[in-house]
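Colleague: This is the structure, below, for whatever I ask next.
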Amino acid sequence: MSKEPKYGKMTKKIIFYDSDKRYADLKIRLAKDGISQPQFFRGIVTGYLMKDKDVMAFIYKLMAAEKTDLVEKSIKKDKKLINTGEETLEKFALGEHEIENIFDILEKQNPDL
């Protein structure tokens, strides 16, 4: 009997190198802001993966520095999709609370799901 992989449950270490000056500056800034290094990096990664509007605005600045046609097309496409999604949410007036209510109603009507 083979073991199923624990995808999504295993921890992985993310490592990159930077200068000692930038490392020290980061540690000082994080301490000043009261944020731990893991909180900072996990928060940034989560914002990026969830396509947080503010995080993505910064990512687009990074991408724009590359100045390639592919990057510019990607930025335009992402911005258009985000705007379309925001317009849809506004159109249907679906906030997090309303979405939760929908799932609660579905769960009550279909307890076997």
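Read-outs: derived from the displayed coordinates by stated rules, not from any lab. None of these values were measured; they are calculated from a predicted model. With ideal geometry, Cβ positions are generated from the backbone for all residues, glycine too; neighbour counts draw on all protein chains shown.
Colleague: Apply the Karplus parameterisation 6.51 cos²θ - 1.76 cosθ + 1.60, with θ equal to phi minus 60°, to every residue of region 19-35 and state each ³J(HN,Hα) to the nearest whole Hz, in sequence, with x for glycine and proline.
Modeller: 6, 5, 5, 5, 4, 5, 4, 5, 4, 5, 5, 5, 4, 4, 7, x, 10
Colleague: Taking square-rooted eigenvalues a ≥ b ≥ c of the alpha carbon gyration tensor, is the chain rounded, prolate or oblate, where a/c under 1.5 means rounded and, failing that, a/b exceeding b/c means prolate? The partial results should precede the final answer.
Modeller: On the way: a/c = 1.87, a/b = 1.32, b/c = 1.41.
Cα axes put the chain in the oblate bin.
Colleague: What net charge is computed for the residues neighbouring residue 37, neighbours being all others with C-beta under 14 Å from the C-beta of residue 37, Lys and Arg scored +1, Asp and Glu -1? All intermediate terms of the calculation are to be shown ahead of the outcome.
Modeller: Details: positive: 13, 22, 27, 29, 32, 42; negative: 18, 25, 33.
Surrounding charge for residue 37 is +3.
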